[in-house]
């Protein structure tokens, strides 16, 4: 890849209930992306652990700033000299529950941002008889987070957040250019909603969208949709991975984005 351009990668996984196995796979995929010369890597939601129930998830949750998951991603960011957005990690809070936290590590291995998932997935999907109650395990976050990175101004979100467009509008107060969406989107809802939602967020915000999803059948029996993708501000899909573990890449062209926003000033018209 050209050294004078900016590139991002999205990692897709099929995470299990074995923490060490998942971390080894994440490390392998991160190194594949780093070898391609990207500046920014996004991991999926729950990349380090997909358990069967709340007690299992809480058992691997970490205190903020320490623990095997955080130390692994910090080390990789430092050693590979790359920015890594660590999908979501269960971070303990004082209530005994956790926060689903997207932690971002800079090239020096230091944490540069934390976003706690605001919208928790508490739903019953009748067609597949699936019930999800994230609020049994997690407490919601409160803040919208936009950070300056080596590829531009990145707005942090996680999975179910993608259904709440007002959250992304708020990011424009901080000049958002790229939206990240680490996810573990269900197979049932993913088939009909995943791509339309991602492309809508890209088009209406004239933003790049980087979406790293889980993509397969997990040890807990859950099926996730996959189709990780990187989308440009005009809603065009630049890269996609349908199923299984792997990595996708795309250039992030902020000059092109600026031109689009000047020629089609919908953000000013709002």
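Measuring r between the beta carbons of residue 75 and residue 219 and using R0 = 30 Å, the FRET efficiency lands at 0.70.
Between residue 243 and residue 143, the modelled labels are 4.1 nm apart [label points 7 Å from Cα along Cα→Cβ].
What spacing in nm lies between the two simple spin-label points modelled at residue 68 and residue 153, each 7 Å away from Cα in the Cβ direction? In this crude spin-label approximation the distance works out to 4.0 nm.
When peptides 148-156, 58-66 are sorted by average Cβ neighbour count within 10 Å, with the highest value leading, the order is 148-156, 58-66. The distance between label points at residue 169 and residue 263 comes to 2.6 nm (points 7 Å beyond Cα on the Cα→Cβ vector).
For residue 31 and residue 127, the FRET efficiency from 1/(1 + (r/R0)^6), where r spans their Cβ atoms and R0 equals 25 Å, is about 0.05.
From most to least packed by mean Cβ count within 10 Å, the peptides 253-259, 167-173, 40-46, 21-27 give 40-46, 21-27, 167-173, 253-259. Counted residue by residue at 0.36 nm each, then reduced by the alpha carbon distance between them, the extension gain from residue 54 to residue 5 reaches 13.4 nm. May I ask for the distance between the Cα centers of the range 86-128 and the range 10-62, given as a whole number of Å? Centre-to-centre (Cα) distance: 13 Å. Divided by 2.2 N^0.38 Å, where N counts the residues, the Cα radius of gyration of the range 7-269 comes to 0.93.
By count of other Cβ within 10 Å, fewest leading, how are 72, 95, 219 ordered? Could the numbers behind the result be given before it?
On the way: 72 20, 95 8, 219 14.
Fewest-to-most ranking of 72, 95, 219: 95, 219, 72.
Sort 196-209, 178-191 by packing, meaning the average of other beta carbons within 10 Å per residue, with the highest value first.
Result, highest mean Cβ count within 10 Å first: 178-191, 196-209.
Every read-out reported here was derived from the displayed coordinates using simple, explicitly stated rules and does not represent laboratory data. Bear in mind the structure is a predicted one, so any value in this text is a computation, not a measurement. Cβ: placed from backbone, ideal geometry, glycine included. Neighbour counts: every protein chain shown.
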